[in-house]
1. Could I have the simple spin-label model distance between residue 304 and residue 23, label points 7 Å from Cα toward Cβ, reported in nm to one decimal?
2. Over the chain, what is the relative contact order in whole percent, taking alpha-carbon pairs under 8 Å and six or more residues apart?
3. Kirkwood hydrodynamic radius, segment 316-472, all distinct C-alpha pairs: what's the number in Å?
4. At a 10 angstrom cut-off on C-beta neighbours, averaged per residue, how do the peptides 186-192, 200-206 rank from highest to lowest?
5. Could you calculate the FRET efficiency of residue 400 with residue 317 from 1/(1 + (r/R0)^6), where r is the beta carbon distance between them and R0 is 22 Å, rounded to 0.05?
6. Alpha carbon centre of segment 80-99 versus segment 117-193: separation in Å?
7. What's the exposure ranking of 323, 257, going from fewest to most Cβ atoms within 10 Å?
8. When a/c is below 1.5 the answer is rounded, else prolate if a/b is larger than b/c, else oblate, so apply that to segment 5-181 with a ≥ b ≥ c taken from the square roots of the Cα gyration tensor eigenvalues.
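Read the figures in this text as sums done on the coordinates, not as results from a lab. None of these values were measured; they are calculated from a predicted model. Cβ coordinates were reconstructed from backbone atoms using ideal geometry, including for glycine residues, and neighbour counts include every protein chain displayed.
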Ligand code: 6PG
């Protein structure tokens, strides 16, 4: 019998996923483009390398590849997001038949996914955009999978994806039908947004400890290890290993250039929030922190121009308790902000996202897995349409850490250490829990210079007023 699934694109992720399918007993046929004499024969080499363990039917001819898959076909694309996905789809189309399904497993933009699904539907081809998280190791051993698209497509191919997915603590797959069309890729995008926030939180905490508290990488690693007994955060866990990595007689972290790269998904989350008109403070701050880090030369020059020095202003024992509280609060707020964007998108796009279920498939396999993600399953089940921050358990947690959060932010800023995500978390918290914002002044200014009108507190909402602000 022919394999039910074929995979296009044997990059790092494609190879790992193929091995994962094979190890779960799912027969899979693989394709990689091969230009004679110009490139190595990736598909042949891959099959060759693994032939003692698995038999991969491999192809560098598309037509033969497609014919080798059982109908209706399930074809998973593991190619770089962007125009490459459209090109591969174009090249597959002449050989596809009604009801064949293409699953895009890359980090594609959800709007591209919506467009592709629509275009392919007209030609009788099913399309799913599936976010896949967990990096190389996740892809190999069990990633978290976020498939979006038509229900009948998931009914058919879902079981294959569920086989290779990570398992949650009850043994259920970290894979679920997220919603229609672009929902899967939107959810993966936001996963990455939260990932950016969590990474920056750890980075700025490390930075303040390293320079503001003059702590060694080993001391910071030990402290993070203590914290992680409670947090059980994958990102904190890898940061501990990073801090302990030695090179020659120093630490590798001290030799890594402080200019962060990115491939776009964090910023896409910010764009989505701007389009929907909702906040996304911590995630946006994390994206922009990467951007400013990229201006290395300018930063060095400006530091000299300002005669700024890194001075040690505290020590690790003295601030560790407050810093932990601040970090934990920052992380909770970052998640609350992320899930709030999912809620808004779900309403606008009518995706009917199940946020508790999304938290569940993020408890294992993915980059942002942590003990808080486990807590979020119940929190989001209990109050699925409210901001996480108004959940009673969260209120007491945050209240207990608020002074530490604002205290650390104040202390670090005064001492000359930026904390972009922690301070935006603090600002978000204060703004979100303040019944009287500063926006009455904004509305008055808008009305003053542009007659944009305003609503009044002593009149019903929806009634707009204009004032002649100065007598002519
Ligand atoms: C994952 C990751 C992954 C992402 C990298 C790099 O969930 O496995 O999110 O999909 O590509 O984290 O992202 P940046 O290059 O933008 O940092």
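1. It is 5.1 nm.
2. 13 percent
3. 18.5 Å
4. 186-192, 200-206
5. 0.60
6. That distance is 18 Å.
7. Ranked by crowding around the Cβ, least crowded first: 257, 323.
8. Judged from the Cα gyration tensor, segment 5-181 comes out oblate (a/c at least 1.5, b/c at or above a/b).
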